[in-house]
1. I'd like the Karplus ³J(HN,Hα) series for region 245-261: coefficients 6.51, -1.76, 1.60, θ = phi - 60°, whole numbers in Hz, and an x wherever there's a Gly or Pro.
2. Given H placed 1.01 Å from N in the peptide plane, which residues other than close sequence neighbours of A258 have an amide H under 5 Å from its amide H?
3. Convert each backbone phi in region 98-108 into a coupling constant with the Karplus relation 6.51 cos²θ - 1.76 cosθ + 1.60 (shift: θ = phi - 60°), then list the ³J(HN,Hα) values in order as whole Hz, x for Gly and Pro.
4. Please compute P(r) over all alpha-carbon pairs of region 189-283, binned at 5 Å starting from zero, and give each bin as a whole-number percent.
5. Under the √(5λ) rule applied to the eigenvalues of the Cα gyration tensor, what semi-axes describe the equivalent ellipsoid of the chain? Give them in Å, descending.
6. Whole number in Å², please: accessible area per residue of region 214-284, 1.4 Å probe, ligands, DNA and RNA not counted.
7. Assign unit charges at the C-beta atoms only (+1 for Lys and Arg, -1 for Asp and Glu), then state the dipole size of the chain relative to its Cα centre in Debye, rounded to the nearest 20.
8. At what distance in nm do the modelled label points of R224 and E288 sit from each other, each positioned 7 Å from its Cα along Cα→Cβ?
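The values are calculated or read from the model by the stated rules, or taken from the named source; none is laboratory data. Not measured: the values here are computed from a predicted model. Every residue, glycine among them, receives a Cβ derived from its backbone with ideal geometry; neighbour counts consider all protein chains shown. Calculation scope for accessible area: heavy atoms of the full protein, side chains included, ligands and nucleic acids excluded. Shrake-Rupley method; radii C 1.70, N 1.55, O 1.52, S 1.80 Å.
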Amino acid sequence: MSSRQRKNRTKTSTFGSPGRINHDSSKFYNSKLYEGLNNGKSVEYIENPINQQYINKIFCKSSESMTELPDDSIHLMVTSPPYNVGKEYDENLSLEEYRNLLKQVFRETYRVLVPGGRVCINVANLGRKPYLPLHSYIIEDMQEIGFLMRGEILWDKGSSVSPSTAWGSYLKANNPVLRDIHEYILVFCKDSFTHLNPYNRKSTISKEEFLEFTKSVWKFPAERATKVKHPAPFPVELPYRLIQLYTFESEVVLDPFAGSGSTCIAALKTNRKYVAYDIDKKYCDLTERRVKQFLQEQFTLFPKTDR
Ligand SMILES: C[S@@+](CC[C@H](N)C(=O)[O-])C[C@H]1O[C@@H](n2cnc3c(N)ncnc32)[C@H](O)[C@@H]1O
């Protein structure tokens, strides 16, 4: 670094927002606040190949054990877990049993992610009496597994959420109840904050997308369950944004709770590959149908000779 560049470096300021050019944040990260925290390590990049016959495939089994996948083979995991709230695919688990199920799947995810690989978990909180902050339980459990947290996105579902009138005591302070119109997307990574790219794969995100997707509040409508024929689908837009932001072209995206296969479609749409799991045969079949339909539509729009 030249002396001119050094002079131009900004420091974390006592008040107000710091500058963005060549910012020196070492004082902040060396402060007591960060003492003893896992702040990543320098790791060698390893990427083991996945058996070609498992690429772009959904496995109809529990993702508690993903023996089809070697260690260090997945670049991004995107999912929304089952909520354990009595949807037809939910088991009636205690909070502890539920957290243990998710922890087991996320431990497996840690094993199969490449160093620097990312995890994005879409989750909504539950209940009101009391409110169950699932997102904060998941953050605790992910940190215990060893993941580094990168941030959280608030997904504002706005007017697409059915106008619930479950507001408790209407126009009175006795017991007004918050009506959630948001969900979380929790973002983590394994071992290193940087996803190295020794194979020089291409980023495919546009400038406009990058400026929008790096904001911590996202606003787009929810997906209609009746349209997709799954009780709790997320829109393809959600995994699409995460894949564009966090992976390079031709990398592999995992969804361990695939449901109707929205992540699989987003992976194909962005020229990535997927591996998915769902315990319910009905949803594995649904995923396969949706993927087939997507590929047919693509073929009609862009016949091979035009590509
Ligand atoms: C919230 S839904 C996922 C919806 C998905 N994001 C979509 O867009 O359609 C959760 C899914 O997890 C599946 N599931 C529940 N327990 C599972 C397990 N142990 N292993 C794999 N899938 C499981 C359920 O069958 C359900 O389809």
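1. 6, 10, 9, 9, 4, 6, 7, 10, 10, 10, 10, x, 10, 6, x, 8, x
2. Sorted by chain and number, the residues that satisfy this are Y277, D278.
3. 5, 5, 5, 4, 4, 4, 5, 5, 6, 5, 4
4. For region 189-283, the binned pair fractions read 2, 12, 20, 22, 21, 13, 6, 3, 0 percent.
5. Gyration-tensor ellipsoid for the chain: 31, 28, 21 Å.
6. On the way: 2620 Å² over 71 residues.
Ligands and nucleic acids excluded, the figure is 37 Å² per residue.
7. Working: 43 positive and 36 negative charges, 242 e Å.
It works out to roughly 1160 debye.
8. 2.8 nm
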